Amino acid sequence: MELRPTKIQLDGDNRLLIDWSDGQRRAISVSELRKVCPCATCREKRAQPPAAPSLGLPVLSLAEARPLKVLGMKPVGNYAYSIEFSDGHDTGIFTLDFLHGLGSDVPA
Ligand SMILES: [Zn+2]
């Protein structure tokens, strides 16, 4: 059976609820989604070793300091969604398989 979302909704600002055609409902936090963004830029960033610690306190960029939100999701063909985040990032293509594997089950 082909898995597809039957319903996608935001639960507050920081959680995405997806109902799937197999009857599962899964919740994914927006920050988790952003962290696993599959676009080339993010994959490259994750592959790099963490930056050397600098002196003094770490400075959060404005985008990091603000709570991250999902501004929109657009279907890409019939196999994926592109997700627009409030930090301006929208190049990640999240395939349905990938999305379904994220997050955790919640009672529907
Ligand atoms: Zn990305």
Might you let me know whether segment 71-91 holds any residue that is without any contact (Cβ under 8 Å) to a residue 12 or more places away in the chain and in a helix (DSSP H, G or I)?
no
For segment 17-31, name all the residues that are at pLDDT 95 or above and farther than 13 Å from Ala108 by Cα.
Ile28, Ser29, Val30
Being among the polar types (S, T, N, Q) and under 18 Å from Arg43 (Cβ atoms) is the filter here, so list the residues in segment 76-105 that pass it.
Ser82, Thr91, Thr95
Which residues, taken from segment 67-90, are open to solvent by 50 Å² or more (accessible area, probe 1.4 Å) and not acidic (Asp, Glu)?
Pro67, Lys69, Leu71, Lys74, Pro75, Gly77, Asn78, Tyr79, Gly88
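The values are calculated or read from the model by the stated rules, or taken from the named source; none is laboratory data. Since the structure is predicted, the reported quantities are computational estimates derived from the model, not experimental observations. Counting neighbours? That spans all protein chains shown, and the Cβs are built from the backbone with ideal geometry, glycine included. Each accessible area value is taken on the protein alone, full model and side chains, heavy atoms only, with ligands, DNA and RNA left out. Shrake-Rupley method; radii C 1.70, N 1.55, O 1.52, S 1.80 Å.
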